[in-house]
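The values are calculated or read from the model by the stated rules, or taken from the named source; none is laboratory data. Here the structure is a predicted model, which is why all the values come from computation and not from measurement. Cβ placement follows ideal geometry from the backbone for every residue including glycine, while neighbour counts extend to all protein chains displayed. Surface accessibility is based on the protein's heavy atoms, side chains included, excluding ligands, DNA and RNA. Shrake-Rupley method; radii C 1.70, N 1.55, O 1.52, S 1.80 Å.
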Amino acid sequence: MRRSGLAVFVLLAASLVLGSTRAGAELRVFVTNEKSDDVTVIDAATRAVVRTIPVGKRPRGVAVSPDGRRVFVTNSNSDSLSVIDAKTLEVLSTVPAGIDPEGLTLNRAGTALYVVNENELSVTVLDVASLAVRKKIAVGKEPETAVASPDGRWIAVSNETSDDVHVIATASDTVVKQIPVPKNPRGMRFTADSRRLFVASEQAHVVSVIDMAEMRVVKSAPTGGSRPVDIVLTPDGSRLYVSHGQSGDVRMLDSSSLNVLAVIPVGPRTWWTALSPDARFLYATVGRANELAVIDTSSNTVAARIPCGTLPWGVAIAGPP
């Protein structure tokens, strides 16, 4: 009986480890490359490049469906959206997505895709099932990107030239608030409870906090770096990582005080970022080095550098939901 029980335990433990390994191996990192007009696909477990996928001209924004099966890429100079099968790595379709599509996000249900059109001063809303245009929403000047609130109520759009954030209510797909922020807002992230929105303002060199109940900026603080671009929050919301294009680093800040806790040198034009599901690794595109930096969040050091295409821009992670 002891041997039988021990054998069962060993088999169970082995299956759990194998299952965990397989799940980890299924994670793939998708990087858009502006100048080589393609997407680099990286196996998160081995950090090997598994495929380079040609898409449209000047791919920039990238987002993953909630079920992890589809990857959406905006092609700015083709005025289109490419849809990639996350498993087969084949381009399933390419459809019109407004003029100069850049950032994008999905609603919580994964049924609607919000594509920011920089030169059109609008957001194109696409039905995910049919990829048909559902609506056009006017926003500010030179809109940059969009993020969805975890509670499903809001889509926030940063506008670089009008220096504001437009808040779209998903229930009606209408703008309900225009919030002034410091100069040149770019990347944003909601807290898990959707009560706060962090905004990186590139030319003001600050991070701001928007109270979503009051719909206004309640705090702004300098990051100490030059030209902050993107923001990622840790799962518990206690820390945020801010990438900087000009100073070429990622800085870790306390989310309450906005004090800088760590500076991680990365490389020239450290741009957009993505955090692994287990929060162990932060991925950052390094445009001028044509690579993706992998940051170990336990030590706040660069653990690996992975070659990509020319001028990598966006990054997203796809895997099991």
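Some points to look at:
- Per the listing R269, R280, the residue uniquely closer than 19 Å to R60 by Cα, out of contact with any Leu (no Cβ under 6 Å at 6 or more places or on another chain) and surrounded by fewer than 23 Cβ atoms within 10 Å (Cβ to Cβ) is R269.
- Selection status of V218, over 19 Å from I137 (Cβ atoms), hydrophobic (A, V, I, L, M, F, W, C), at pLDDT 95 or above and open to solvent by 10 Å² or more (accessible area, probe 1.4 Å): yes
- Number of residues in the stretch 136-155 that are within 15 Å of P101 (Cβ to Cβ) and over 21 Å from the mean Cα position of the chain (by Cα) equals 2.
- Listed here are the strands (runs of 3 or more DSSP E) enclosed by the stretch 235-316 that have at least 2 residues being among the acidic types (D, E): 249-254, 291-296.
- Scan of the stretch 195-213 for residues that are outside any strand (DSSP E or B) and within 18 Å of the chain's Cα centre (by Cα), ordered by number: E202
- For the residues S158, S93, the requirement of being more than 21 Å from L233 (Cα to Cα), out of contact with any Cys (no Cβ under 7 Å at 6 or more places or on another chain) and among the hydroxyl-bearing types (S, T, Y) singles out S93.
- The residue that is surrounded by the most Cβ atoms within 10 Å (Cβ to Cβ), among those in the stretch 77-134 that are in a loop (DSSP other than H, G, I, E, B) and of a type in the set (V, I, T), is V128.
- Hits in the stretch 46-72 - residues which are touching a Leu at 6+ places or on another chain (Cβ under 7 Å), part of a strand (DSSP E or B) and open to solvent by less than 60 Å² (accessible area, probe 1.4 Å): I53, G61, A63, F72
- When the criteria are applied in full, P182 meets the requirement of being open to solvent by 30 Å² or more (accessible area, probe 1.4 Å) and either in contact with a Ser or Thr (Cβ under 8 Å, 6 or more places away or on another chain) or among the aliphatic types (A, V, I, L, M) (or both).
- S194, sole failed condition from (1) out of contact with any strand residue (DSSP E or B) (no Cβ under 6 Å at 6 or more places or on another chain); (2) more than 23 Å from L253 (Cα to Cα): (2)
- Residue match in the stretch 145-162 (condition: surrounded by fewer than 20 Cβ atoms within 10 Å (Cβ to Cβ), part of a strand (DSSP E or B) and out of contact with any helix residue (DSSP H, G or I) (no Cβ under 9 Å at 6 or more places or on another chain)): no
- Criterion violated by D296 - all others in (1) without any contact (Cβ under 8 Å) to a residue 40 or more places away in the chain; (2) closer than 19 Å to G187 by Cβ; (3) not aliphatic (A, V, I, L, M) satisfied: (2)
- When residues in the stretch 135-144 are screened for being open to solvent by less than 50 Å² (accessible area, probe 1.4 Å) and free of Cβ contacts under 8 Å to residues at least 24 places away in the same chain, 0 of them pass.
- Contacts under 7 angstrom Cβ, first residue in the stretch 301-320 being under 22 Å from R186 (Cβ atoms), partner part of a strand (DSSP E or B) and of a type in the set (K, R), 6 or more apart: W313/R60; G314/R60
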